[in-house]
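Every read-out reported here was derived from the displayed coordinates using simple, explicitly stated rules and does not represent laboratory data. Treat the numbers as computed from the prediction; the structure is a model and nothing was measured. Because the Cβ atoms are built from the backbone with ideal geometry, glycine has one as well, and the counts that use them run over all protein chains shown.
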């Protein structure tokens, strides 16, 4: 298993040289840690990924989950993975020491997740969902719920899920119809259908703990009537043993990719015996769920980045070893063929992948650090980082998801016909990655969230803070001659972003919400490109600080590669904002006025 | 099988209203035909597609070809399809009446292929390869070769292939090593390996006829030493019976998609008994093969358009029937959910698909008509259409291939989670379509062909002719008030294309071929967008001529839809040329100077 799926060098560059991970250990909450320990954690994560996850990456895809005897049968390694991650403390890496966790900074824990996801995304879905669901109970549930469920989840013995979607309620959660009827015993009786539930049932654990949205009988309509429940597959009976809780698995989907993890349909309360326990107060379910959802959204961005990373290294390896053709300036057929990485067009495809992958990872690690700062700082500064996370979440979810697919597609292209065949992993990455613009809120939903909510948040304060962050980077970059031109370009892009935003806000006034939001998806794309340009400039600053002093040849090559990729992003990707800005400034209402009948023929 | 996979209304709009198919019947060669007959042919093609091809579209994917007992086993319907298409005259639709064919205009025959490919692309690959291979023998082979092979191919009993690629020679055909040794009996003895041969072996026919590139012993190096041979799987023995010809199938690929058609590895002459017959003269093989290759490239563009068409109609159907959420201006949860087609973002995704699909189809039908004109006109005009086809071939192959994938991906996105599951066909289209930027010359190869060869052809004459065609459309469009603004935009884009091209030609002089061709792929993308804008303007003219007089509501809706889609293309897609032009004018040699070592870390 010699295949490379991430770069430790790049990860450490981001953590230490760009983001100064060490600074976190200056805060009391993280004072037990130091960089040496971070390095050991990362090293252990790489080893675990190589030993446990990567070897079954293709195998879990080839043997997709099937429903048999009322239970979803998954690859046998799932049980081993859950158990080893539980025992190794990887499920509790972010949990406070007081609660038995490792209290690792999110920055480091997320870097480990990146490593795991790059090795085998499907396998990590089981873990991520369990982490999120347990955290939700920990944050908002009663002590009884915590004691009953969380220890087994943290041990990797029980699976957590987020159970939101229903046949008639996907993007529109306000339409969920799963009902919860209160009983005198304190629990609720649930009845309804859930679909598209990741890891919603499988034989790799002893129990499944659904964090489920439902409406209490008589609740107000819409999202204001949604409550959150813990609904286990098996509940703890009077004698302490697990008994069935009337949660039936009615189907398992056959999917394009992401086949190592089942997505299932659930039927609740067919026998009127499905018990659920309310989390927090009634009708506050969506608010609670959004803690898990926001983290899941950033997690999707990280997963998308991970897959694109692994695909990039697979393509790079192929391009270095596969010989084909000659340089266009040396076409003599008697010369030996060159490794295809020497063709400019192949280098362009690899630079594109690297620009997307390392730009996305930089943004995601930035978000992780904001999360840490939000956790450890006092209230005013906490709010600042909270707002930055609010505005960056749809971007951090969507840019890697959308661009990751294109990056993987370019990776596949580097392999030509071999990329289309399953002798190489590219075709699997291409299939696996297509889930990301869909799950945890589609790209369209993220776009409405960004333009329709986040940009307007607190009178535009989140957007102002975002602008200040970019401005700080621009100012810092201007000190380096090699970065001045890129700083200028980012400043121009930021100015354009502000102009486009102001324009759209005036359109909202003049033409109402339909026209205002019609091109929200393009706005998100526009915003995303500028955000990644910012991250590349941040990386450029770190390179300029360290690069000139680098003694080792390998370091000099690494920094040179960073600068070429930065130039690539500004030269090839940032110009895409021009066409987007032109369209965003044109609010002719085309897609609003288009009528269904005009699609007929 | 009620599913819609193409629009007959749109096809007829292009054939009759945009391209005046009837005018072809004014030429002697096509005088036997008339529009009524064309309509009958199209109707028969739709029926055949619905009855024979569409019902096994998913089934052929789910049961992919496997190698057993030395032969590739394909879905049983392949034999029926080959036979019915042979008997129905569909393999010979373009063949002259004198040779037993239908002598249909390419415009009509290609329109039928579009219908077939939309119903089941994999199934049509068997047919298209047979048509191309037989045509190659017909054009350049001896009477003996014609008599021995072509009738059985035209009858759908024998499969034709194009056998070019080898393990060490994919994009670089100059490196093929399959050797052909002359014998005194007139045939050659072949020895070598071929890979990625579509329909290269299967049990759906009685024999396979490879049109194969190989080098005669002692041939000059490079492409100048390549010859073309007919190499059958079974040769005709002295008694007239078929005997094995020492062509062994050494493997079948497991692919991302396009699974209804096998791609195989062949081993030739393991027993020193693989006989091949030279086509035409020695060392002219690549020239001959390019007749089939050029037609195959345009065919790939048509196939890509077909798949994207079928995906568009599947997404449209879903969007019309699936209810979810409310309009952003009417968010009251007590209102019933709306069909998702009423959301502006969904309309945007559908308009994008339609803009790509109908724009691509318009270009491909345009190419078909050029081919017809080239066939029937006198030599000077013939040369004009030949040159237009030369310059448009890489565009007609690549634009639909690259954009088709994105269109299909947007179609999948319209279905949300359902798009990711195999209950709907979108996931299959997404997998199937990924082959198009690879086979018959990758996008990178097409780009070098366009900028490095076609633009330079006859001192830029092909490009001038292309410019004249666009100019004629612009002039015609300016007569309509509704089109004037789009005519202006296309004129500006054409001017930009000419400026970028001139700039790149000067770069070729100053900096040499490496820098000149470094961004050829971007140039092809740039060229492609402008070409499709031209096609939309051509459609706009037809709409403006017919639309105002349309009496039927359905026609008025159709023309309205066309105008919205035209506006979409000019409003959302054409602006993408801005960023591309900016990059193309920047020849800093980034991807030339990037070094392999800088990719290390």
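Some points to look at:
- As a length-normalised measure over Cα pairs under 8 Å and 6 or more apart, the relative contact order of the range A:35-105 settles at 14 percent.
- Cα extents of the range A:354-410 along the three principal axes, largest first (Å): 45, 16, 11
- Take every pair of alpha-carbon atoms less than 8 Å apart whose residues are at least six positions apart; their mean separation over the length of chain B yields a relative contact order of 13 percent.
- Overall form of the range B:205-290 per C-alpha gyration tensor (a/c, 1.5; a/b vs b/c): oblate
- Shape call, the range B:8-154: gyration tensor on alpha carbons, a/c limit 1.5: oblate
- Cα centroid separation - the range B:390-464 against the range A:108-162, whole Å: 42 Å
- Per-residue Cβ neighbour rank within 10 angstrom, fewest leading, B:380, A:402: B:380, A:402
- The mean number of partner chain beta-carbon atoms within 10 angstrom of a residue's beta-carbon across peptide A:166-172 is 4.
- Distance from the C-alpha centroid of the range B:273-292 to that of the range B:522-571: 43 Å, rounded to the whole angstrom.
- Going from the residue with the fewest nearby Cβ atoms within 10 Å to the one with the most, B:234, B:271 rank B:271, B:234.
- Calculated from the alpha-carbon coordinates, chain B shows an Rg and a Dmax of 24.5, 87 Å respectively.
- The percentage of C-alpha pairs in the range A:114-177 whose separation is greater than 15 Å is 60%.
- Axis angle, to the nearest 10 degrees, between helix A:520-546 and the longest C-alpha principal axis of chain A: 60 degrees.
- Normalised by the number of residues in the range B:471-601, the mean separation of alpha-carbon contacts (under 8 Å, six or more apart) gives a relative contact order of 34 percent.
- Using alpha-carbon coordinates, inclination of helix A:461-477 to the longest axis of chain A, degrees: 30 degrees
- Angle between chain B longest axis and helix B:106-119 axis [Cα atoms, degrees, rounded to 10]: 80 degrees
- The range B:462-575 shape via C-alpha gyration tensor axes, a/c threshold 1.5: prolate
- Shielding of B:430-437 by partner chains, average beta-carbon count, 10 Å: 4
- Note on the range B:43-58 and the range A:62-92: Cα centroid distance 43 Å, given to the nearest whole angstrom.
- Working note: 222 nm ellipticity from helices only, DSSP H runs with n ≥ 4, each -39,500 (n - 2.57), summed and divided by the residues of chain A, gives -17500 deg cm²/dmol to the nearest 500.
- This ranking places B:50, B:397, A:479 by how few other beta-carbon atoms lie within 10 Å of each, fewest first, which gives A:479, B:50, B:397.
- Inter-chain Cβ neighbour count for A:514-523, averaged per residue, equals 4 (cutoff 10 Å, partner chain atoms only).
- What the Cα atoms of the protein assembly as shown give is an Rg and a Dmax of 30.5, 99 Å.
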